[in-house]
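Have a look at the structure below, then the notes.
The values are calculated or read from the model by the stated rules, or taken from the named source; none is laboratory data. Since we're looking at a predicted model, the values are computed, not measured. We place every Cβ from the backbone using ideal geometry, glycine too, and count neighbours over all the protein chains shown.
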Amino acid sequence: MISKTNEGLEIRKFVVGPLCTNCYLAWERRSRKGVLIDPGAYDPEITGYIRGKGIEPVYIINTHGHADHISGNAAFGFPVLIHELDEPCLRDPGKNLSFFINGDVRPVRAERLLKDGDIVDLGEIGLEVIHTPGHTPGSISVKCGDILFSGDALFFEGIGRTDIPGGDHEVLIKSIKDRLMVLPDSVRVFPGHGPETTIGHERLY
């Protein structure tokens, strides 16, 4: 079931790793079931927050397979979900670009391979997978009501890099125009780096 509202969804942002990646903890208020989106590094503050709030993380969702978004997967240890086209990044340093952050990514196996239109159940809330390639072939955004986690596709007054292996500028612009700019202006965008924005703001700027 795709959620038409994000009522009951709580969100907490943590900035982690050398590239200041936004890692989001999102959970359903009633069931306390949660997801950790883009753990770019392990941070004990996140573990402490989870325990303190009584949250039960059921999945990690990687919006794409770059090291600054997946390096914390193994340490947190929750089942990993990633788009099928970026799944090789979980094991291949040449694809996850871990040399960019001078680090190693401990390989993990994906619990589930995602594709466009999939729904990730979180208690009574459904998170919709929107395939937004261009930054990487398997980049996704995740939508719940008027909340959008955009990964490195769309930033505050900017877009993701396409000058790295797997990037394609034309494909990314098409993803943004065809998949994200069709959403209402009121949709709040939580990007992979930098401040929150809205679809309406990005439509203008």
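Data for the structure
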| read-out | value |
| --- | --- |
| Sole residue being farther than 24 Å from Val35 by Cα, of a type in the set (D, E, K, R) and touching a strand residue (DSSP E or B) at 6+ places or on another chain (Cβ under 9 Å), chosen from Asp168, Asp178, Asp163, Asp185 | Asp185 |
| Count of residues meeting criterion [in contact with a Pro (Cβ under 9 Å, 6 or more places away or on another chain) and buried (at least 23 other Cβ atoms within 10 Å of the Cβ)] in the stretch 111-135 | 0 |
| Pairs with Cβ under 8 Å, 6+ apart, first in the stretch 173-189 and of a type in the set (A, V, I, L, M), second loosely packed, with under 13 Cβ neighbours inside 10 Å | Met181/Arg203 |
| Qualifying residue in the stretch 118-141 (condition: more than 30 Å from Leu183 (Cα to Cα) and not acidic (Asp, Glu)) | no |
| Neighbours by Cβ (under 6 Å, 6+ apart or cross-chain): first from the stretch 104-120, free of Cβ contacts under 8 Å to residues at least 24 places away in the same chain and under 22 Å from His131 (Cβ atoms); second among the aliphatic types (A, V, I, L, M) and surrounded by 14 or more Cβ atoms within 10 Å (Cβ to Cβ) | Asp118/Val129 |
| Subset tally (residues that are surrounded by 13 or more Cβ atoms within 10 Å (Cβ to Cβ) and either modelled with pLDDT under 95 or part of a loop (DSSP other than H, G, I, E, B) (or both)) for the stretch 186-204 | 5 |
| Odd one out for Glu157, checked against (1) at positive phi; (2) out of contact with any helix residue (DSSP H, G or I) (no Cβ under 8 Å at 6 or more places or on another chain) | (2) |
| The stretch 1-30 - residue that is touching a strand residue (DSSP E or B) at 6+ places or on another chain (Cβ under 8 Å), assigned to a loop (DSSP other than H, G, I, E, B) and polar (S, T, N, Q) and, of those, surrounded by the most Cβ atoms within 10 Å (Cβ to Cβ) | Ser3 |
| Qualifying positions in the stretch 153-170 - surrounded by fewer than 18 Cβ atoms within 10 Å (Cβ to Cβ) and closer than 15 Å to Thr136 by Cβ | Arg161, Thr162, Asp163, Ile164, Pro165, Asp168, His169, Glu170 |
| Residue under evaluation Glu45, criteria (1) outside any strand (DSSP E or B); (2) modelled with pLDDT of 95 or more; (3) under 23 Å from Glu124 (Cβ atoms), criterion not met | (3) |
| Residue that is in contact with a Ser or Thr (Cβ under 7 Å, 6 or more places away or on another chain) and closer than 24 Å to Lys33 by Cα, where the choices are Ile60, Ile125 | Ile125 |
| Count of the stretch 143-178 residues which are more than 15 Å from the chain's Cα centre (by Cα) and either of a type in the set (Asp, Glu) or not in a loop (DSSP other than H, G, I, E, B) (or both) | 15 |
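Table: residues versus (1) outside any loop (DSSP other than H, G, I, E, B); (2) touching a Lys or Arg at 6+ places or on another chain (Cβ under 6 Å); (3) of a type outside the set (Gly, Ala, Ser).
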residue: Asp104; (1), (2), (3): no, no, yes
residue: Val108; (1), (2), (3): no, no, yes
residue: Glu111; (1), (2), (3): yes, no, yes
residue: Asp121; (1), (2), (3): yes, no, yes
residue: Gly126; (1), (2), (3): yes, no, no
residue: His135; (1), (2), (3): no, no, yes
residue: Gly138; (1), (2), (3): no, no, no
residue: Ser141; (1), (2), (3): yes, no, no
